[in-house]
Every structure is written in C-alpha cells, then in structure tokens.
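For reference, the structure discussed in these notes is given below.
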Amino acid sequence: MGTGAKIFYALGTFFVIMAVIYAVATSYIGDDAYLSGYEWAGGVALILATALAFMLGGYLHFTERRIDILPEDWEEAEVEDGAGVLGFFSPGSIWPAAMTGGVGLMALGIAFWQLWLLALGAVVLIWATTMLNLQYGIPREKH
C-alpha cells in the first residue's frame, strides 16, 4: 500500500472518530431544550468527509497496486529519480478560462436562483470542455 492511500485511510479514520465525538457532544450537551439534540449540518459534513477520504484512499490503493514503486515510496530515492516528463499542458489554451466562466455563470445562477443563468452556464461549460478536449484533434484551419 502506497503512502497516499495510507494518508487518506488515516484521515478517514480520524473523521470517523471525530464524527462519533461530534454526535455525542451535540446530542447530550446542553441543558436547554433549544440547544439539545443532534446538530445535523456538522454531522453530515463529517460523514461526507469520511466517505470522501475513504473513497480517495480506496482509489489510490487500487491504482498504486498496479504501478511500480514511485520515487516517493522508495527510501533510497534521490531528487532526480522523480524527474521526467509529467505530461503535456497546452501553453496558450483559452478553454480553461472559458470553463471557469461557465462555472461562474452556474454559481451565479444558483446564488440568485435564476434557472436561465444556470442553464446558460451549463451550456458554456459543456461547450468549453468539449473544445478543450478537441483542440488538438481539429485540423489547424478549423481553429
């Protein structure tokens, strides 16, 4: 099991313990009838954080079993062992900014509860994501 999976499993275990403590603390502490009772917002947030940590830990555990030992998991590794090509990142693409604009429009649509703005943001986001994925697949004269 790799380092990333161990970290997320430990984080998920911590969230489980904190969720139990939070549930006990909010259910039984408080002498006023208004203050006693389980506090749902924080409890649900802790449960969802637990689920997210365990899902990420499971994903990393699943993927780290299928790859070789990474330099960060090797005790005798040097800094240059992790060097190399990390991937291709388009230097002049406008589509990430267009995607951000679409997400911003969707956020404004949710904040002001304007469904037309939410739909417009979704259309812009889907269009910009499609163009980002196709920007090197479309012939140069079609750009």
Can you confirm whether GLY42 is in the same structural domain as PHE14 (by the TED database), open to solvent by less than 80 Å² (accessible area, probe 1.4 Å) and at positive phi? no
Just checking, how many residues over the stretch 94-108 are within 10 Å of LEU132 (Cα to Cα) and surrounded by fewer than 14 Cβ atoms within 10 Å (Cβ to Cβ)? 2
Given the criterion open to solvent by 70 Å² or more (accessible area, probe 1.4 Å), touching a residue at least 40 places away in the same chain (Cβ under 8 Å) and assigned to a helix (DSSP H, G or I), identify the matching residue among PHE54, PHE62. PHE54
If you check every pair at least six apart or on different chains, which have Cβ atoms under 7 Å apart with a residue in the stretch 66-77 that is free of Cβ contacts under 8 Å to residues at least 60 places away in the same chain first and a residue that is acidic (Asp, Glu) second? PRO71/ASP81
Restricting attention to the stretch 71-97, the residues that are assigned to a helix (DSSP H, G or I) and of a type outside the set (D, E, K, R) number exactly 6
Quick check, is GLU80 at pLDDT 80 or above, among the acidic types (Asp, Glu) and exposed (fewer than 13 other Cβ atoms within 10 Å of the Cβ)? yes
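The values are calculated or read from the model by the stated rules, or taken from the named source; none is laboratory data. Being a predicted model, the structure only gives us computed values, none of them experimental. Here Cβ is always computed from backbone atoms with ideal geometry, including for glycine, and neighbour counts include all displayed protein chains. To get the accessible areas, we keep the full protein, side chains included, count just its heavy atoms, and leave off ligands, DNA and RNA. Shrake-Rupley method; radii C 1.70, N 1.55, O 1.52, S 1.80 Å.
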